[in-house]
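Structure, as structure tokens:
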Amino acid sequence: MDGNLVIINAGIVTPVGNKPIKGRDMGNLKEITHGALMIENGIITYVGTMDDMPAYPDSFEVIDAAGNCVLPGFIDSHTHLIFGGYRPEEFEWRLKGDTYMSIMERGGGIQSTVNATRNATADELYKKALWFIGKMSEMGVTTVEVKSGYGLDTESELKMLDVINRLESSKDNPVNIISTFLGAHAVPSEYKGKTSEYVDLMIKEMIPTAAGKAKFFDIFTEKNVFEIEDSRKLLRAAKDAGFELKLHADEIVTLGGAELAAEMGAVSADHLLHVSDEGIRAMAEKGVVATLLPLTAFALKEPFAPARKFIEADAAVALATDLNPGSCFSGSIPLTIALACIYMGMSIEETITALTLNGAAACGIADETGSLEVGKRGDVIILAFDTYKSLPYYVGMNCVRTTVSRGRIISNK
């Protein structure tokens, strides 16, 4: 049930608007000192000063945020948190010098998780996902995008999508869920050397069957996985089936995934470690959100995505964790913030926008959440400090004291 809540004596900081914020405007945040925020039935009905706050019923829960900074809830717009098994041995292999693609080519990587996920029950996948979501909510996450992609056959992908939809409707899950179908995450082992046959299977069977079970279609557009022509065919089929589009683009090599995302009108293109200058310009021109995943670059010891180039090109940048069992076994929002500010050259103001309103835009819900404004969902975090500047300063540590989702307190430390 959505909640009725009042936050008083707050230092409120938020981006503003119902659309992604682009370029240098990402650094502009609205600040209200001695502020108050009212949530009724899960929806924000007042944001402003204490002096102008309307009366509210005695039944409303009240949080006194004196000495605390109040922000919109964080939005993790790229995760793979439903999977079977774990892959700690591959992390050790990478520490010894093996590359992500070399591990994948010898049967590890995504295929290893595919095998474990196919063997896992829906209940096992659901319970594991709930555990991760609980940990993420403690770090201020109130919306999570969740992908399938570790089934790679019709039955197993549908099992994953059913788990995602079960999470979305479950009373046990405290956050908002955005569902993404990622059947084009890799070519499964049974189709090795027969990529075109797997593409045909997806177009004829998997995409039509998954339509209506997920908001987005995503694809790993990468050399020796799904290259540009196959990606274009799959994206067209998904668009025709009613999906909105996302891409894993230009992560390992410069392939033209960013340009393809712009061509296809994708909502976001993600990773982008090796994006071309032309790809940046195309995404900025077409309004494709650049979702950057610094934890993955950090874990793989790869160069970070060029955040400043996107910002200077007047593109909208979002940040997300890429929580997954292989290349990035972390859902750490605090470390994401630290990496963005320290290594990617983003200001903390830009970083907050990237993790709130632009994250919402990357999920197609910027009109519903991502900022503290009347009419939006009551998704709020209260920091343990009086300034948002503590977020990168308290390096890699959790600054969030209280997380509120739809007006309900879901974590309070």
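Read-outs throughout are calculated quantities, based only on the coordinates presented, and are distinct from any laboratory measurement. Since the structure is predicted, the reported quantities are computational estimates derived from the model, not experimental observations. Don't worry about glycine lacking a Cβ; one is built from the backbone with ideal geometry, like all the others, and counts go over all protein chains shown.
What the table below lists for this structure:
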quantity	calculated
For the chain, convex hull volume per residue from C-alpha positions, Å³	119 Å³
Protection proxy ranking of 146-159, 71-84 - average other beta-carbon atoms within 10 Å, highest first	71-84, 146-159
Protection proxy ranking, peptides 48-54, 289-295, average beta carbon neighbours within 10 Å, highest first	289-295, 48-54
Net dipole in debye of the range 223-293 [+1 Lys, Arg Cβ; -1 Asp, Glu Cβ; about Cα centre; nearest 20]	180 debye
Whichever aspartates and glutamates have a C-alpha closer than 12 Å to that of residue 127, once near sequence neighbours (fewer than 8 apart) are set aside	172
Sparse-neighbourhood loop sites, trypsin sites (Lys or Arg not before Pro) in the range 275-345 - DSSP loop, at most 11 other Cβ within 10 angstrom	301
Fraction of beta bridges assigned by DSSP in the chain that are antiparallel (%, nearest 5)	45 percent
For the range 1-142: span of alpha carbons on each principal axis (Å, largest first)	65, 40, 28
Spread of Cα-to-Cα distances over 5 Å intervals beginning at zero, given as percent, for the range 240-381	2, 11, 20, 23, 20, 15, 6, 2, 0
Burial order of peptide ranges 91-98, 16-23 (average beta-carbon count within 10 Å, highest first)	16-23, 91-98
Mean-position separation - Cα centroids, the range 251-271 and the range 64-88, in angstrom	25 Å
Quarter of the Cα convex hull surface for the range 50-121, i.e. its orientation-mean projected area (nm²)	10.6 nm²
Sequence-distant aspartates and glutamates (8 or more away, or on other chains) whose Cα lies within less than 15 Å of residue 147	76, 157, 162, 168, 218, 244, 270, 322
Proximal lysines to residue 309, defined as alpha-carbon separation beneath 26 angstrom and excluding residues fewer than eight positions away on the same chain	19, 22, 30, 223, 246, 286, 301, 389
Helix-only CD estimate at 222 nm, as mean residue ellipticity for the chain, using -39500 (n - 2.57) per DSSP H run (n ≥ 4)	-9500 deg cm²/dmol
Within-12-Å neighbourhood charge of residue 164 [Cβ basis; K, R +1; D, E -1]	+1
